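Working notes, beginning with the structure itself.
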Amino acid sequence: MIRVTIEMVPKGDESRKRHLGTAIIANDGTGARGRGNYNVRLSRRGSPDSTWKTARITSFRRLQHGAYDLLLLALAATVGQRFLKSENRDK
């Protein structure tokens, strides 16, 4: 499992940090040696244990690509289209 936590730390003061979101990417065990299948779960600000968005990544080439590539695919699958649609509306 990969867990990515996003926090805001105002002026570097850890005592004031705030949770902005968490991404959980978990291998579901159904892939092959070179290709993995993953379930993705995102949480929202202040609610790290609550699910906001989910997705599935299939046939990820884990021997050729790394954790950042998997994170990019997870974000594209969950919030990528929403962001691209809003960017096009602003033009």
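Give, rounded to the nearest 20 debye, the magnitude of the charge dipole that the chain has about its Cα centre when Lys and Arg contribute +1 at Cβ and Asp and Glu contribute -1 at Cβ. Please report the intermediate quantities before stating the final value.
Working: 18 positive and 8 negative charges, 41 e Å.
So the magnitude is around 200 debye.
Placing pseudo-labels 7 Å out from each Cα toward the beta carbon at ARG45 and ARG18 gives an inter-label distance of 0.6 nm.
Quick one: putting +1 on the C-beta of Lys and Arg, -1 on the C-beta of Asp and Glu, what dipole do you get for the range 1-52 around its Cα centre, in Debye to the nearest 20? Please report the intermediate quantities before stating the final value.
Values: 10 positive and 5 negative charges, 24 e Å.
Dipole about the Cα centre, nearest 20: 120 debye.
For P(r) over Cα pairs in 5 Å bins from 0, in percent, the value computed from the atomic coordinates appears in the list [x] 3, 13, 19, 19, 16, 14, 9, 4, 1; [y] 3, 16, 20, 19, 15, 10, 7, 5, 3, 2, 1; [z] 2, 10, 9, 9, 7, 6, 6, 5, 5, 5, 5, 5, 4, 4, 4, 4, 3, 3, 2, 2, 0 under label [x]. In the elastic network of the chain, a GNM with C-alpha springs shorter than 10 Å, the most mobile of LEU75, LEU63, LEU20 is LEU63.
With contacts taken as Cα pairs under 8 Å and at least 6 residues apart, the range 2-89 reaches a relative contact order of 20 percent.
Every read-out reported here was derived from the displayed coordinates using simple, explicitly stated rules and does not represent laboratory data. All figures in this text were calculated on a predicted structure; none of them were measured in a lab. Virtual Cβ from ideal backbone geometry, glycine too; neighbours counted across all protein chains shown.
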